[in-house]
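Take a look at the structure below.
The values are calculated or read from the model by the stated rules, or taken from the named source; none is laboratory data. Values in this document were obtained by computation on a predicted structure and should not be read as measured data. All Cβ positions, glycine included, derive from the backbone under ideal geometry; neighbour counts span all protein chains shown. Each accessible area value is taken on the protein alone, full model and side chains, heavy atoms only, with ligands, DNA and RNA left out. Shrake-Rupley method; radii C 1.70, N 1.55, O 1.52, S 1.80 Å.
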Amino acid sequence: MNASRRNFHEELNSLQNDMLKMGSFVEESIRRSIEALKNGDLELANQICRDDDIIDDYEVNLEEKCTRLIALQQPVAIDLRKIIVISKLATDLERIGDHTCNIAEMVINIGENNLIKPLIDIPKMTDLVTKRLRKSLEAFVDMDIEKAKKVVEGDEEIDILDQQIISELITIMIDDPTTIEQATSLMFVSRFLERIGDHSTNISERTIYMKTGQRL
Amino acid sequence: MGKNKMEVKNLDFYYDDFKALKNINMPLEENKVTALIGPSGCGKSTFLRTLNRMNDLIDKTKVEGEVLLDGKNIYSSEVDVVELRKKVGMVFQQPNPFPKSIYDNVAYGPRIHGIKDNAKLDEIVEKSLRGAALFDEVKNRLNDSALGLSGGQQQRLCIARALAVTPEVLLMDEPASALDPVATAKIEDLIAELKNNYTIVIVTHNMQQAARVSELTGFFLMGDLVEFDKTDKIFENPADQRTEDYITGRFG
C-alpha cells in the first residue's frame with residue numbers, strides 16, 4: 001500500500017478513536033444523570049447540562065473530519081460507508097447527550113423534594129441502556145454483525161421496562177394527586193432513557209449497513 | 001438489462017506462452033458505457049484490444065473463445081478486419097493526430113473507405129467534429145495543422161476521426177489520462193453524450209472517472225475478470241474482497 005493511502009487509513013482509525021472517546025463521554029453522562037437523580041444532586045445536574053457543549057464540540061469536530069476525508073481522499077466502498085456511518089453516529093451520540101441533559105433538567109425540576117418512590121426500575125433501565133450503548137459501539141469497532149443484531153433485538157426489553165415504569169407511576173398519581181408533578185418528571189426520565197436506547201439501535205443498524213452495505 | 005451489442009465468451013488470450021486473459025465472460029450492453037479498471041498489467045488493455053482485433057498486429061499472440069458483435073464471432077475467418085475496425089473504433093491514451101490539417105484528419109477514414117465526393121466529405125467532417133464537441137472551436141481553421149491544437153482538442157479530434165467512419169462501438173484506452181482536468185471534463189461530457197448513439201468501452205486508471213462516466217464496471221486482476229457489475233454496486237459495495245481492496249487502495 002502506498003504511503004498516502006496508509007496515511008488515509010491511519011486517519012480513518014483516528015476518526016474512529018475520536019468517535020469512541022465521544023461515546024465514552026456520553027455513556028458517562030448517562031450514568032451521572034441518573035446518579036444526580038438518585039442523590040438529588042443539583043450541582044451535578046447543572047454540570048451535565050454544561051457538559052453538553054463538550055459533546056456538541058465532539059460532534060462538530062467529527063463531522064469536519066469526515067467532510068475533510070471525503071473531500072481529500074475520495075473514499076469508496078467500505079471506507080466511504082465507514083465515514084458516512086461515523087458522521088451519523090456522531091449525531092446519534094449528540095442526541096443521547098441532549099437526553100442526558102433533559103434528564104438532568106428533570107432532576108432540577110424535582111429539586112430537593114424526597115422521591116415519591118424508591119428507584120428500582122429506572123436504575124435497572126439505565127444499566128441496560130448504557131450496556132447497550134457500549135455493545136453497539138463495540139460491535140461497530142469490531143464490525144461484529146452478530147453483536148450489532150443482539151443490540152437491535154434487545155430494544156424490546158427497554159420498551160417493556162418503560163411501559164412498566166409508566167403504569168406504576170400512573171397508579172401512584174391516581175392514589176395521590178400531589179405526586180403528579182414529580183411523577184411526570186420521572187415519566188419523562190424513563191422516556192428519555194427509552195429514546196437513548198433507540199439511538200443504540202440506530203448505531204447497531206448503521207454498523208450492519210457499514211459492514212454489509214445492506215439496510216436492516 | 002438492455003440489448004448486448006457485444007458479448008465475450010470464454011475468452012483466453014496468450015502472448016506467446018503467457019496467458020494474459022483467463023476465461024473472460026462479459027456482455028457489453030448497447031448504448032451503455034462499460035469501464036474496465038485494474039492495476040497495470042492486469043489485462044484490461046489487452047482485453048480492450050481483443051474487441052477489435054488490435055492484438056492481431058502483435059506477433060505470437062493467440063486467442064481462444066469468442067467475441068460476438070451483434071451475435072457474430074469477430075474472430076471467424078470470414079470477418080474482414082478493416083470492416084470490423086470501422087464498426088469498432090478506437091481512441092488511444094496519447095492523442096495521435098496525423099500531421100495533416102484538421103479537416104484531413106477527420107476525412108482520412110471516409111476517404112479510405114471510398115468516399116470522394118467533396119460535399120459529402122464536408123458533411124461528414126462537420127458532423128464528426130460536432131459529435132466530438134470540437135466543431136465550434138475549429139470551424140474557422142479547418143485547414144490548419146492538427147498539431148497546433150491543444151492536447152484536449154487533439155484528443156477530441158481523434159474522437160471525431162473515429163466517429164467519421166460511423167462506428168457502432170467506441171473503445172477508449174485511457175482517453176483522458178494525458179489531459180488536464182478541464183479537458184478531462186470535456187471528454188467525460190462527450191462520453192455521456194456519445195453513449196446515446198454508440199456503445200462505449202473505456203479503460204481507465206482513474207477510478208473516480210470510471211465511477212463518473214460508466215454504468216457498468218469490470219475489475220481485472222492478473223488476467224481474471226474478478227468482478228463485473230453495475231458501477232454503483234462496484235463502488236458502493238463490491239462483492240469481491242479483491243475489488244474492495246483495490247478500489248480502496250489497500251493493495252498495489
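In the set (1) farther than 19 Å from residue B:93 by Cα; (2) without any contact (Cβ under 8 Å) to a residue 40 or more places away in the chain, residue B:131 fails one condition alone, (2). Within region A:31-46, does at least one residue satisfy the condition of being open to solvent by 70 Å² or more (accessible area, probe 1.4 Å), of a type in the set (S, T, N, Q) and either outside any helix (DSSP H, G or I) or on the phi > 0 side of the Ramachandran plot (or both)? For region A:31-46, residues open to solvent by 70 Å² or more (accessible area, probe 1.4 Å), of a type in the set (S, T, N, Q) and either outside any helix (DSSP H, G or I) or on the phi > 0 side of the Ramachandran plot (or both): absent.
Does residue B:14 meet the test of being under 28 Å from residue B:251 (Cβ atoms) and either of a type outside the set (Gly, Ala, Ser) or modelled with pLDDT of 95 or more (or both)?
It is true that residue B:14 is under 28 Å from residue B:251 (Cβ atoms) and either of a type outside the set (Gly, Ala, Ser) or modelled with pLDDT of 95 or more (or both).
Taken together, A:213, A:154, A:197 contain a single residue that is within 29 Å of residue A:17 (Cβ to Cβ) and within 14 Å of chain B (Cβ to nearest Cβ), which is A:213.
Checking each residue in region A:1-28 for being open to solvent by less than 70 Å² (accessible area, probe 1.4 Å), hydrophobic (A, V, I, L, M, F, W, C) and either more than 24 Å from the chain's Cα centre (by Cα) or within 14 Å of another protein chain (Cβ to nearest Cβ) (or both) picks out A:3, A:8, A:12. Hey, among the residues in region A:200-210 that are surrounded by 19 or more Cβ atoms within 10 Å (Cβ to Cβ) and hydroxyl-bearing (Ser, Thr, Tyr), which one's nearest to the other protein chains (Cβ to nearest Cβ)? Once the filter is applied, the top-ranked residue is A:207.
Scanning region A:151-190 for residues that are farther than 22 Å from residue A:106 by Cα and touching a residue at least 40 places away in the same chain (Cβ under 8 Å), we see that the one that is least open to solvent (accessible area, probe 1.4 Å) is A:151. When residue B:220 is tested against (1) at negative phi; (2) at pLDDT 95 or above; (3) touching a strand residue (DSSP E or B) at 6+ places or on another chain (Cβ under 6 Å), only condition (3) is not met. Contact annotation: residue pairs with Cβ atoms under 7 Å, 6 or more positions apart or on different chains, pairing a residue in region B:236-252 that is at the interface with another protein chain (Cβ under 7 Å from one of its Cβ atoms) and at pLDDT below 90 with a partner that is open to solvent by 40 Å² or more (accessible area, probe 1.4 Å) and part of a loop (DSSP other than H, G, I, E, B), are B:249/A:1; B:250/A:1; B:251/A:1. Taking region B:171-252 and the helices (runs of 4 or more DSSP H) fully enclosed by it, the elements with 3 or more residues that are open to solvent by 50 Å² or more (accessible area, probe 1.4 Å) are at B:181-194, B:231-236.
Return yes when residue A:71 is within 14 Å of another protein chain (Cβ to nearest Cβ) and open to solvent by 50 Å² or more (accessible area, probe 1.4 Å) and no when it is not.
For residue A:71, the condition - within 14 Å of another protein chain (Cβ to nearest Cβ) and open to solvent by 50 Å² or more (accessible area, probe 1.4 Å) - is met.
Please work out if residue B:112 is within 25 Å of the chain's Cα centre (by Cα) and at pLDDT 95 or above. For residue B:112, the condition - within 25 Å of the chain's Cα centre (by Cα) and at pLDDT 95 or above - is not met.
Would you call residue A:87 loosely packed, with under 15 Cβ neighbours inside 10 Å and either assigned to a helix (DSSP H, G or I) or free of Cβ contacts under 8 Å to residues at least 40 places away in the same chain (or both)? Even if it seems obvious, please write down each step before you answer.
On the way: loosely packed, with under 15 Cβ neighbours inside 10 Å: no; either assigned to a helix (DSSP H, G or I) or free of Cβ contacts under 8 Å to residues at least 40 places away in the same chain (or both): yes.
Spelling it out, it is not the case that residue A:87 is loosely packed, with under 15 Cβ neighbours inside 10 Å and either assigned to a helix (DSSP H, G or I) or free of Cβ contacts under 8 Å to residues at least 40 places away in the same chain (or both).
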